[in-house]
Amino acid sequence: MSLPASLDRVMIRAAELRAQLETADGAQVGTLSKELSTLEPLVEKVTEYRALETAMAEAEAMLSDPEMKDLAEAELHETKHKLPRMEREIRLMLLPRDAADERNAILEIRPAAGGDEAGLFAGELFAAYQKYAESRGWRFTVLEYDENELGGVKNASAEIEGKDVFARFKFESGVHRVQRVPATETQGRIHTSTVTVAVLAEAEEVDLKIEDKDLRIDTYRAQGAGGQHVNKTDSAVRITHIPTGTVVAMQEEKSQHKNKAKAMKMLRAKIYDAQRSALDSARAADRRGQVGTGDRSERIRTYNFPQGRVTDHRIGLTLHKIDRVMMGEMDDIFDALVSEDEARRLAEEG
């Protein structure tokens, strides 16, 4: 469909929604209002775009008037620079959004290759993500933080709540590689270690129904590097979703009830993610050019401390500010990944 026709449809639908809201009953108001509020930013942009088109047409008409020619040419020059940029913004807004983009996210980090050094970096990367989330005003709630004896982590997970969290974080899934001299290295040799990051869209109960009969719930005594509740009570919880074989364990809280609630949140997100991945796989042939596949085994980024650089291999981006990135200044990376994905999707739409 051409852009003008698409814009007409948007404006017509917005007008229909406003008319329907005038006579809607209580049950309909919420649904209609939500759809209208989603359309309103686009309606505002379309109105601005059409006003710019009108201004350009008026300027072109003034070119034949000698007294107005200079003014008209200046107006045309400015308008011709604004229109393409605004048209791109509108085309982006018209693209189908990932249904999960507006959701909160579940972040999970685990050390992979590299032993103790991988565990230490996993903890540092987890902290960097926490700083980034907090810098954007998002709520970062630790679900699990299983610390080892050296201060690194065996497994860390968190719930991140805020506007469009998943849209920003979803490209972080994959293998993150770190190259540096470990504190325990006496010869000054650079070691390479890896950690895996999984970012899951948080699922609500309405997204999928999990039957109690499909769950096996085991309780056991918490284990870890320390803490008052460790090895004192059966507070740790392991939940197995029998139909899919998905297993989640949680021991962060002293309360078995709280651990179960956190485990169910993680379980629901994992099952929802598996369903999304299955749908994505069915469209894999159309998605090969995308920014990452979401495959947990794909190496996506390298953090080279001796050279002070961070490189994202999917888009060829290198930043020479590793200290700032590890302090949570990740917008340059996230913005580049989002822009690359937007460019790909615009190209696919033709």
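The values are calculated or read from the model by the stated rules, or taken from the named source; none is laboratory data. These figures come from a predicted structure and were not determined experimentally. Using ideal geometry, Cβ is built from the backbone for each residue, glycine included, and neighbour counts are taken over all protein chains shown. All accessible areas refer to the heavy atoms of the entire protein, side chains included, with ligands and DNA or RNA removed. Shrake-Rupley method; radii C 1.70, N 1.55, O 1.52, S 1.80 Å.
Based on the Kirkwood radius over alpha-carbon pairs, what is the Stokes-Einstein translational diffusion coefficient of the chain at 20 °C with 1.002 mPa s viscosity, in µm²/s?
Taking Rh from Cα pairs, D becomes 90 µm²/s.
Where the convex hull is taken over the Cα atoms of segment 1-104, what is its projected area averaged over directions, in nm²?
Dividing the Cα hull surface by four gives the mean projection, 9.2 nm².
Semi-axes of segment 235-282's equivalent ellipsoid from the Cα gyration tensor, sqrt of 5 times each eigenvalue, largest first, rounded to whole Å?
25, 10, 6
Place the peptides 52-59, 342-349 in order of packing, highest mean first, counting for every residue the other Cβ atoms within 10 Å and averaging per peptide.
The packing order, highest mean first, is 52-59, 342-349.
On average, how much accessible surface per residue is there in the chain, in Å², for a 1.4 Å probe, leaving out ligands, DNA and RNA?
Ligands and nucleic acids excluded, the result is 55 Å² per residue.
Roughly how compact is segment 113-194, stated as its Cα Rg over 2.2 N^0.38 Å to two decimals?
Taking the Cα Rg and dividing by 2.2 N^0.38 Å, one obtains 1.22.
Subtracting the Cα-Cα distance from 0.36 nm times the residue separation, let me have the gained length for HIS313 to HIS77 in nm, one decimal.
Going from the current span to full extension adds 81.1 nm.
Run the helix sum for the chain: -39,500 (n - 2.57) per DSSP H stretch of 4+ residues, divided by residue count, reported at 222 nm to the nearest 500 deg cm²/dmol.
It lands at -15500 deg cm²/dmol.
Multiply the residue separation of GLU16 and SER37 by 0.36 nm, subtract the distance between their alpha-carbon atoms, and state the gained length in nm to one decimal.
Roughly 6.2 nm would be gained on extension.
At a 10 angstrom cut-off on C-beta neighbours, averaged per residue, how do the peptides 299-310, 18-29, 155-166 rank from highest to lowest?
By packing density, highest mean first, the sequence is 155-166, 299-310, 18-29.
Over the chain, what percent of the accessible surface lies on carbon and sulfur atoms, probe 1.4 Å?
C and S fraction of accessible area: 48 percent.
Taking +1 at the Cβ of each Lys and Arg and -1 at the Cβ of each Asp and Glu, which of GLY162, LEU32, SER64 sits farthest along the dipole of the chain towards its positive end, judged by Cα position relative to the Cα centre?
GLY162
Give me Rg/Rg_expected for segment 110-149, where Rg uses Cα atoms only and Rg_expected = 2.2 N^0.38 Å with N residues.
1.29
Relative to the Cα centre, what is the charge dipole magnitude of the chain, using +1 at the beta carbon of each Lys and Arg, -1 at the beta carbon of each Asp and Glu, and rounding to the nearest 20 debye?
Computed charge dipole of the chain: roughly 1620 debye.
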